[in-house]
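Visitor: Structure incoming, see below.
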Amino acid sequence: MEKLLDLYCQLLKVAIVACLAVMVVLVFGNVVLRYAFNSGIAVSEELSRWLLVWLTFLGAIVALRQHAHLGVDTLVRALPRAGKRICFVASYGLMLYADALLLEGSWKQTLITWNDSAPASGLPVGLFYLSGIVFGVSAAVILLYDLWRVLTGQTTEEELVAVKESEEHGP
């Protein structure tokens, strides 16, 4: 499962790079067209905005897998192993709850807006909200896998502190 999640995150990183590259081309091309030729690409702003949302959600999946989100670990680091384990399980339970809410809301919005067309591109508006579903399902798998590893005793004490130090401060 570990290798599968790592491969998935590598694929997401490729998708993130593709989103960013397309955004740069669309926005830069639109700027050049507006200033040099007094015209533009009507769909550019809409697609760039959608790609930014997708890029953000895909990046959040990768960050979740790498434990790269912000967190305060001062109290948790001071606790014994059992305390760290309790905090880990509690925090992951809360994250799973929040993820379930996000997934439910994204699912409902996707269904509601799937038959609506975006004004500039004509694409289904549900594609915009589909990013939340992709995040919600991916995050649930990652969170449940990490939680399972903790509950079955497959983690080190350092892994129970689910916050990584900043690269600036060293290990």
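The values are calculated or read from the model by the stated rules, or taken from the named source; none is laboratory data. As the structure is a prediction and not an experimental result, all values here were calculated from the model. Quick reminder, even Gly has a Cβ in these numbers, built from the backbone with ideal geometry, and neighbours come from all protein chains shown.
Visitor: Hey, any hits in segment 99-113 for a residue that's under 24 Å from Val161 (Cβ atoms) and touching a helix residue (DSSP H, G or I) at 6+ places or on another chain (Cβ under 8 Å)?
Guide: Yes, there is a match, as at least one residue in segment 99-113 is under 24 Å from Val161 (Cβ atoms) and touching a helix residue (DSSP H, G or I) at 6+ places or on another chain (Cβ under 8 Å).
Visitor: What number of residues within segment 45-61 are buried (at least 17 other Cβ atoms within 10 Å of the Cβ) and free of Cβ contacts under 8 Å to residues at least 60 places away in the same chain?
Guide: 4
Visitor: All but one of (1) in contact with a Leu (Cβ under 6 Å, 6 or more places away or on another chain); (2) crowded, with 17+ Cβ neighbours inside 10 Å hold for Thr113; which doesn't?
Guide: (1)
Visitor: Taking the condition under 29 Å from Ala140 (Cβ atoms) and in contact with a Lys or Arg (Cβ under 9 Å, 6 or more places away or on another chain), does Arg85 pass?
Guide: Values: under 29 Å from Ala140 (Cβ atoms): yes; in contact with a Lys or Arg (Cβ under 9 Å, 6 or more places away or on another chain): no.
It is false that Arg85 is under 29 Å from Ala140 (Cβ atoms) and in contact with a Lys or Arg (Cβ under 9 Å, 6 or more places away or on another chain).
Visitor: Turning to a different aspect of this structure: Got a sec? Which of Val76, Val43 is more than 24 Å from Pro124 (Cβ to Cβ), at pLDDT below 95 and more than 16 Å from the chain's Cα centre (by Cα)? Spell out the reasoning first.
Guide: Details: Val43 fails: more than 24 Å from Pro124 (Cβ to Cβ).
Val76 is the lone residue from the list that is more than 24 Å from Pro124 (Cβ to Cβ), at pLDDT below 95 and more than 16 Å from the chain's Cα centre (by Cα).
Visitor: Assigned to a helix (DSSP H, G or I) and either modelled with pLDDT under 95 or in contact with a strand residue (DSSP E or B) (Cβ under 8 Å, 6 or more places away or on another chain) (or both): is that true of Val163 in this structure? Lay out the reasoning, then the answer.
Guide: On the way: assigned to a helix (DSSP H, G or I): no; either modelled with pLDDT under 95 or in contact with a strand residue (DSSP E or B) (Cβ under 8 Å, 6 or more places away or on another chain) (or both): yes.
Here the answer is no, as Val163 does not meet what is asked.
Visitor: Quick one: in segment 107-127, which of the residues that are among the hydroxyl-bearing types (Ser, Thr, Tyr) and outside any helix (DSSP H, G or I) is farthest from Val53 (Cα to Cα)?
Guide: Pass one, segment 107-127, residues among the hydroxyl-bearing types (Ser, Thr, Tyr): 110, 113, 117, 121.
Then drop every residue that is not outside any helix (DSSP H, G or I), which leaves 117, 121.
Numbers: Ser117: 18, Ser121: 16 Å.
Among residues in segment 107-127 that are among the hydroxyl-bearing types (Ser, Thr, Tyr) and outside any helix (DSSP H, G or I), the one farthest from Val53 (Cα to Cα) is Ser117.
Visitor: I want to confirm something. Restricting to segment 77-106 and keeping residues that are loosely packed, with under 14 Cβ neighbours inside 10 Å and not aliphatic (A, V, I, L, M), which single residue is nearest to Trp54 (Cα to Cα)?
Guide: Glu104
Visitor: Kindly indicate whether Tyr129 is of a type in the set (Phe, Trp, Tyr), touching a helix residue (DSSP H, G or I) at 6+ places or on another chain (Cβ under 6 Å) and without any contact (Cβ under 8 Å) to a residue 60 or more places away in the chain.
Guide: On the way: of a type in the set (Phe, Trp, Tyr): yes; touching a helix residue (DSSP H, G or I) at 6+ places or on another chain (Cβ under 6 Å): yes; without any contact (Cβ under 8 Å) to a residue 60 or more places away in the chain: yes.
Considered against the rule, which asks whether it is of a type in the set (Phe, Trp, Tyr), touching a helix residue (DSSP H, G or I) at 6+ places or on another chain (Cβ under 6 Å) and without any contact (Cβ under 8 Å) to a residue 60 or more places away in the chain, Tyr129 comes out as yes.
Visitor: Further, regarding this structure: Of the conditions (1) outside any helix (DSSP H, G or I); (2) out of contact with any Leu (no Cβ under 9 Å at 6 or more places or on another chain); (3) hydrophobic (A, V, I, L, M, F, W, C); (4) without any contact (Cβ under 8 Å) to a residue 24 or more places away in the chain, Ala68 fails just one. Which one is it?
Guide: Status for Ala68: all satisfied but (4).
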